[in-house]
């Protein structure tokens, strides 16, 4: 599977991560890239008044430290022998104490996700068994926001399509400043899925022309094109239509709510 990152437009705050399985005719954007159109107000104002290159450079500095911490956590969960950098010594101790208390069984680490019908991708930090429950865990070294639940909902939907059952989802806050671990559980999984899928539809709508023109692929002359049928496929309503009748009305309302939220942010 080929993976790469590239901005879809010159003024984009973030790059889009793509995954292209060998047996698919087109690449799939990542869950976090699709959610990237919903920019927190503070970052949005900063970007409007700042050169895009500066935004990306400052954001990258924080992201790099978070990436190193993610890699360290993966090694710890995989029970690998590692030399812990001094800057992560305290958080490593806190994380090991957390694992000792919860005692999870790690089923998958860094699990690649592809939803072949809805055309999106992702990577789950950890799938664990705690007691009789199978849970999705996602490490967070930055802020935990409303969209964090939507991200996890996207991951769970993708995992379901791959035949992996998940009972619950949690964001594990790895606070690199205070050196402590906090757990945030999201109970309304289908609600988060519906919101993610509406954001995915809006991502496709916002970048419709870019996606139709094609996506530049490293080491390939021809651009990859997303099929029109996928770009005009309303995944959120398709998902809601397939819910049991007693749940359909509730989640249809959530789709309309997030559509209004995104429309207001675009104004």
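The values are calculated or read from the model by the stated rules, or taken from the named source; none is laboratory data. Values in this document were obtained by computation on a predicted structure and should not be read as measured data. Counting neighbours? That spans all protein chains shown, and the Cβs are built from the backbone with ideal geometry, glycine included.
In this structure, residue 122 does not satisfy being surrounded by 23 or more Cβ atoms within 10 Å (Cβ to Cβ), free of Cβ contacts under 8 Å to residues at least 60 places away in the same chain and touching a helix residue (DSSP H, G or I) at 6+ places or on another chain (Cβ under 6 Å).
Under the condition of being under 18 Å from residue 118 (Cβ atoms) and out of contact with any helix residue (DSSP H, G or I) (no Cβ under 8 Å at 6 or more places or on another chain), which residue from region 130-164 is surrounded by the most Cβ atoms within 10 Å (Cβ to Cβ)? Once the filter is applied, the top-ranked residue is 159.
The set of residues in region 183-198 that are touching a residue at least 40 places away in the same chain (Cβ under 8 Å), assigned to a helix (DSSP H, G or I) and surrounded by fewer than 24 Cβ atoms within 10 Å (Cβ to Cβ) comprises 190, 191.
The rows are residues; the columns are (1) surrounded by 13 or more Cβ atoms within 10 Å (Cβ to Cβ); (2) modelled with pLDDT of 80 or more; (3) over 21 Å from the mean Cα position of the chain (by Cα); (4) under 20 Å from residue 207 (Cβ atoms).
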| position | (1), (2), (3), (4) |
| --- | --- |
| 10 | no, no, yes, yes |
| 23 | no, yes, yes, no |
| 43 | yes, no, no, yes |
| 60 | no, no, no, no |
| 76 | yes, yes, yes, no |
| 88 | yes, yes, yes, no |
| 100 | no, yes, yes, no |
| 104 | yes, yes, yes, no |
| 110 | yes, yes, no, no |
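Residue count for region 112-137 satisfying the condition of being in a strand (DSSP E or B) and closer than 25 Å to residue 204 by Cα: 9. Residue 80 passes every criterion in (1) over 27 Å from residue 22 (Cβ atoms); (2) buried (at least 16 other Cβ atoms within 10 Å of the Cβ) apart from (2). Taking region 161-182 as the range and being part of a strand (DSSP E or B) and over 20 Å from residue 247 (Cα atoms) as the test, the residues that pass are 170, 171, 172, 173, 174, 175, 180, 181, 182.
Let's see how each residue does on (1) within 30 Å of residue 29 (Cβ to Cβ); (2) out of contact with any strand residue (DSSP E or B) (no Cβ under 9 Å at 6 or more places or on another chain):
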| site | (1), (2) |
| --- | --- |
| 80 | no, yes |
| 83 | no, yes |
| 88 | no, yes |
| 98 | no, no |
| 101 | no, yes |
| 107 | yes, no |
| 114 | yes, no |
